[in-house]
Amino acid sequence: MKKRCNLIHSFLIATCTLVYLLSPYSIASEITEVQKSVISGQRQNTKIQHEIDQLYKAEDQLDRQYRRLLLTLKTTKSYNQGLEKQLQQQMLKKTSLETQLLYVAGVDEEIGPIMREMQRSLKDFVVADFPFLLDQRMQVVAQLAADLADIELDLTTKYQKILQAFKDEDEYGLSMDTYQGALQLNGATREVNYLRLGRVALYYQKLDGTQAAKWSLKTQAWIPLTGAENKAVSKAIQMANGTAISQLLELPLEAPALTTLSPAAGKKELGND
């Protein structure tokens, strides 16, 4: 019996010893599992936090992009409004130009015949006027007719050319001039000195100063001058050339009678001696 009790006691001691020896490994194992769980949780939390940060970052980018799009939309609307105003102004300008073109076309239809009539009147006037610089003046009249028929020239340019031609003719009546030119007389051509006193009188004198004559608008012919009148013409020519001092001269004059002449009158052959 005693021996049996000793055996039981020894077994208990051995069991306690085994339990004692095994307890640290068990606790260490449990701690390791807890640490693993904590680490795993920390990793999971870090991952979740990273995902949250990424979401916030994406949200911030979307917000900034949205604001940029709003600003772009506002700018685009403002730009479109400006373009719309410009378009409206251009349409109004286009309408105005179309109206002006119609008006100009109407004016051209009305003014065109008037300008052509002015050109014909100027031609008739030159033909009926004193025959000074006749070739030059008739060339101007012919060029004016060509300009009026030129479709490349606008109405304003044509009108300016007509006004300039009339202005040039008007200035002839306000000046005294002398020049050398050809004279056709009795079928012969000779060089003479011409003297023009505005549109009041026209004279010619031979280059040697021995003979002079005045043009008669009434008879459309040259009328010879007397010796005294010839000397007066010589002095007038010198004054016009600037080689003599200006002074009063007695020259034979004739009252203008352009209104009594027909357009064909000026075509008559320049008179006789």
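The values are calculated or read from the model by the stated rules, or taken from the named source; none is laboratory data. Not measured: the values here are computed from a predicted model. Note that we place each Cβ from the backbone using ideal geometry, even for glycine, and neighbour counts take in every protein chain shown. Protein only, heavy atoms only, side chains kept; ligands, DNA and RNA dropped before computing areas. Shrake-Rupley method; radii C 1.70, N 1.55, O 1.52, S 1.80 Å.
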Exercise for review: Pop out the ³J(HN,Hα) list for segment 53-63 in order, Karplus 6.51 cos²θ - 1.76 cosθ + 1.60 with θ = phi - 60°, rounded to Hz; leave Gly and Pro as x.
Suggested key: 4, 5, 5, 4, 5, 5, 4, 5, 5, 5, 5
Point to revise | Accessible surface, segment 115-178, averaged per residue in Å² (probe 1.4 Å) | key: 59
Point to revise | Whole-number accessible area per residue in Å² for segment 37-80, which is evaluated in the context of all protein chains at 1.4 Å | key: 98
Check your understanding: Can you list the HN-Hα couplings for segment 64-75, worked out from phi with the Karplus curve (6.51, -1.76, 1.60; θ = phi - 60°), rounded to whole Hz and with x for Gly and Pro?
Key -> 5, 5, 4, 5, 5, 5, 4, 5, 4, 5, 5, 5
Study note, to complete from the structure: The ³J(HN,Hα) series, computed from each phi in segment 238-252 with the Karplus coefficients 6.51, -1.76 and 1.60 at θ = phi - 60°, rounded to the nearest Hz and given as x for glycine or proline, is 5, 5, 5, 7, x, 9, 9, 6, 5, 7, 6, 10, 9, 10, x
Check your understanding: Based only on the alpha carbon positions, what is the Kirkwood hydrodynamic radius of segment 121-188, in angstrom?
Key -> 13.7
Check your understanding: Between Ala228 and Gln143, what is the spin-label point distance in nm, taking each point 7 Å from the Cα along the Cα→C-beta axis?
Key -> 4.5
Revision key, fill the gap. Judged on accessible area alone, 1.4 Å probe, highest first, Ser246, Ser234 line up as Ser246, Ser234
Study note, to complete from the structure: Taking a probe of 1.4 Å and leaving out DNA, RNA and ligands, segment 208-247 shows per residue an accessible area in Å² of 53
